[in-house]
Each structure stands twice: as structure tokens, then as C-alpha cells.
1. Leaving out ligands, DNA and RNA, what percent of the accessible area of the range A:92-140 is carbon and sulfur, probe 1.4 Å?
2. Shortest first and in nm with one decimal, please list how far the A:Ala45 label point sits from its counterparts in the other copies (point 7 Å along Cα→Cβ).
3. Treating only the Cβ of Lys, Arg, Asp and Glu as charged (+1, +1, -1, -1), what charge dipole size does the range B:71-187 show about its Cα centre? Round to the nearest 20 debye.
4. Checking an interface number: how much accessible area is buried between B and A, summed over both chains, with a 1.4 Å probe, in Å² rounded to 100?
5. Quick one: with label points 7 Å out along Cα→Cβ, list the inter-copy distances for B:Arg82 in nm, shortest first?
6. From the C-alpha gyration tensor of the range A:26-69, pull out the three semi-axes of the equivalent ellipsoid (sqrt of 5λ each), sorted largest to smallest, in whole Å.
7. I need the per residue convex hull volume for the range A:71-187, using only the alpha carbons, in cubic angstrom as a whole number.
8. Once fully extended, how much extra length lies between A:Ala170 and A:Asp115, figured as 0.36 nm per residue of separation less the alpha-carbon to alpha-carbon distance?
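The values are calculated or read from the model by the stated rules, or taken from the named source; none is laboratory data. Not measured: the values here are computed from a predicted model. Cβ coordinates were reconstructed from backbone atoms using ideal geometry, including for glycine residues, and neighbour counts include every protein chain displayed. To get the accessible areas, we keep the full protein, side chains included, count just its heavy atoms, and leave off ligands, DNA and RNA. Shrake-Rupley method; radii C 1.70, N 1.55, O 1.52, S 1.80 Å.
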2 protein chains.
Amino acid sequence: MTELEKGPTGRRRGRGARERIISASQQLFREQGINRTGMDQLCAAAQVSKRTAYQHFTGKDELVAEYLRRFDPSVLSGVFDRTDLTPRERLLAAFDIPPTTPLCPYIAAAVELHDPQHPASQYARDYKEAVAARLADTAREAGAADPEQLGEQLALLIDGAAARTRVLNADAFPTAAAIAAVLIDNAIPATASDDRRREEVSS
Amino acid sequence: MTELEKGPTGRRRGRGARERIISASQQLFREQGINRTGMDQLCAAAQVSKRTAYQHFTGKDELVAEYLRRFDPSVLSGVFDRTDLTPRERLLAAFDIPPTTPLCPYIAAAVELHDPQHPASQYARDYKEAVAARLADTAREAGAADPEQLGEQLALLIDGAAARTRVLNADAFPTAAAIAAVLIDNAIPATASDDRRREEVSS
DNA sequence: TGTTATGTACACCGCCCTGTGTGCTTACGG
DNA sequence: CCGTAAGCACACAGGGCGGTGTACATAACA
């Protein structure tokens, strides 16, 4: 069954209702949250009948899981694949988020679902660990003494900035970037090639 | 830990139903989240009739706001008022949270309510800013070069650890504490007192 | 052509939620 | 003692939610 997983708008037989549903959920779940988005509204936004939606997904939970599963490409890839930046610049670029980003949906999902056993919560953990791993890879490339530690630290900074931005309604990523710069400089033994700002502690 | 009897509000003849309601909401909203806690369940836990609850609070929103408003004493005070610690130790003690703490309820509330105009969201902002201010005060006491910046940075670390703990279901505060130690040491010009501890082993 | 998978339109169910209306019981203060 | 206000028990309204049943329409492919 369902061999229609052709990625680009699977023009198999129907007219891609499944993609429209996922696309609508990407938008609505982000804008309004998961619990505040009803299936009626979602189906209306996707221009899909409710019956069709429930033929593609056994329930809302499965849709939520798929919504989280399909996320990495949009945020993760854009930063780490830039070859025009040095590894150190790439680490810092992770904190240059466009102001359009509302909030990391994985944090929101973990709070809203409130069930660590939920499949979507598992995807959230996977994503968070994947981000930390990629940060660690880049940290290793940059010559950090303990790449795993630095990766975990930078990941924590990103999450902190995301959470704080949400609560305070004010961009907290510059603060996180400043911390990241300090951590990176402290973690890289002695790199003369980079433009790192040696900090003489005020003075 | 419901030690609800005899609040200062018990001036009337009633048996402090209001305090019981707030106490129950403290527990249930934290354990289950706001949206997942119905008024029926809450009233049952508080041993209060639903009618009484709605005579004390015009609606659930008002109760949620009050739930957030009454929080600072339990978490905030315990750390900053310890005179047995040096300012630097006090800053680090903010990351020594007991494992009983589920998650900063302000972050959860901001996600669950999803409305920056909600009065509870305003309380959340006030609290976050108050914590940052107290951290800044302590940082100033510790002799930091830029206390406000350090306070904001440490506050971000706390929020990041809270969010990450929630998503990954694993304690992230040790990592945050390690970052905090680096930031503090970098921010304090030259600690002649030299009370800096040995480097904590960060997992 | 016909079959089958896919999608549509709309009504519908049961559940749980916030919030009320109504009448009754209790505790206190004068 | 009685009066009054706080609190209680119970039922119920109104609505949104997730999810389903049924009958019909369309596109692809044999």
C-alpha cells in the first residue's frame, strides 16, 4: 500500500492531498501551536476534506509526528553546509537566525504534548541530538579540545535563546551568540589563523 | 506538600478555599500542564466545589495568572539569600536545582497560552526579568565588569537548561553550570581572592 | 470501457472542556 | 439566638474537539 512516497509533490494519482496537509500543519502548528489547531481548521487550510486527512493519517498524533519529522532540512542544512565560512564562523552562524523564526517547534511540541512517550517527542529528541552532533562535528573541524562538550554547550545556548525569545518576546539570540563566541574561543587551544578576539578581560 | 491552611487571607470565616485552589493549581499545572488540567480535576484536588472556584476567580485565565504570580518565593529566594556563600558561589548555586523540579513553569505557560497579551504571559516576562536583575545584582556584588550582561547571560543559560532538560528528558543543568563557570571567570576582572574552584568535570 | 484508488461534501457521534443556575448546608459574628 | 455569607452538590448548557459513516465525484490505468 501507499507507495506514493515520491518526495516532490508526488503526482502519482491524486493531486497530492497528503503534501497539502503536511504543508498546512507546518504553518498552523507553528503559528498557533498544536493543541490550538483543530483538524477542521487544518483541513480547511489545506483544502482537503476531513475524511481524506484521516485516510492519510490514522490520527492527529501521527500527523504531529510527521510534522516534526519533516523539519531538519529547512533549518539544519542551511547553516552547516556553507563552505564559504570557516568552521568557527559556521558555529556562530547558527545563531544568526532570521527574525521570521517564531520558535523551535520541538520545544513547543515537547511542552504541548507533555508525553515523553509520544512519537513526536521522540523525533524532538532525535532532532536535538542531531543538531548537537553536527555542532560537535563542526567544533571538531574547528579544532576544539572537546568537540562533544562544545557542541552540547552551543546546542544549549540555541535552546536557551529560543525559549527566552518566546517568553520575553524579544530576540535573545545576540546574547547567545556572545556567549558562544566566548565558549568557542575558550575551547580552541590556540588558533592564530582565525580572527578570534583575544579577550584581555576588560582592560 | 500542601500546607495550605491559614494563609494571611483567612481573615474571613470561610475555611480558605481560595488558598486550596491556588495550592492545587500550583501542583497540577506544574505536573500536567495548564491545558491538560481541567477545572473539574482541579476542584476535586483542591476539595473545593466548582461553584466556589468560579466565585473566587472569574475564569481559568485569572487562576492561571494568579498561579504564575505566586511563584517567585519558592524558587527565587532560596538561592540569592544564602549568606553562607560568596557571590560567585551564589551565581553558580542557581544551577544546582533539585531533580524534583520539572520545568520552569513560565516557559511552559508561554508556550501553552500562546498569547503574549495574556496577563499570565506578562507575569512570566516580569519574573524572567526579575531573575535576570537579581543575577545582575549578584554579579555586580561579585565584581563583574558588566553585571547586566552577565546576568542576562546566566538567565539565558538557566532557560536553556530548563528547555533542554524538558525536551531531552535528561538533566542539562550541569552543562549550563559549566558554561556559567566560564562566563563568570571571564567576566570578573581578576579575582585576587582566588576562590575559584577546580574545574567541574562536565559530562 | 470499467475498475480501483483517491478525494470530496456533509452530517453526525461521543467526549471533555469552561462556565452557570439552583437549592442546600455550614460556620461564624453579633 | 438568628442572619448572613461562605461553601457545597448536582445538574446542565454551549461549544470545540477528534474521529467516523455514507454517498458521490474524479483521475489513472487496464
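1. On the way: 1150 of 2070 Å².
C and S atoms contribute 55 percent here.
2. Nearest to farthest, the other copies are at 3.0 nm.
3. Numbers: 9 positive and 17 negative charges, 39 e Å.
Taking the Cα centre of the range B:71-187 as origin, the dipole is about 180 debye.
4. Working: alone 12320 and 12440 Å², together 20940 Å².
For chain B against chain A, roughly 3800 Å² becomes buried.
5. Result for B:Arg82, in nm, nearest copy first: 4.1.
6. Values: eigenvalues 46, 34, 14 Å².
Whole-Å semi-axes of the equivalent ellipsoid: 15, 13, 8.
7. Working: hull volume 11.2 nm³, N = 117.
Taking only Cα atoms, the range A:71-187 has a hull volume of 96 Å³ per residue.
8. Numbers: separation 55, 0.36 × 55 = 19.80 nm, distance 2.85 nm.
This chain segment gains 17.0 nm when fully extended.
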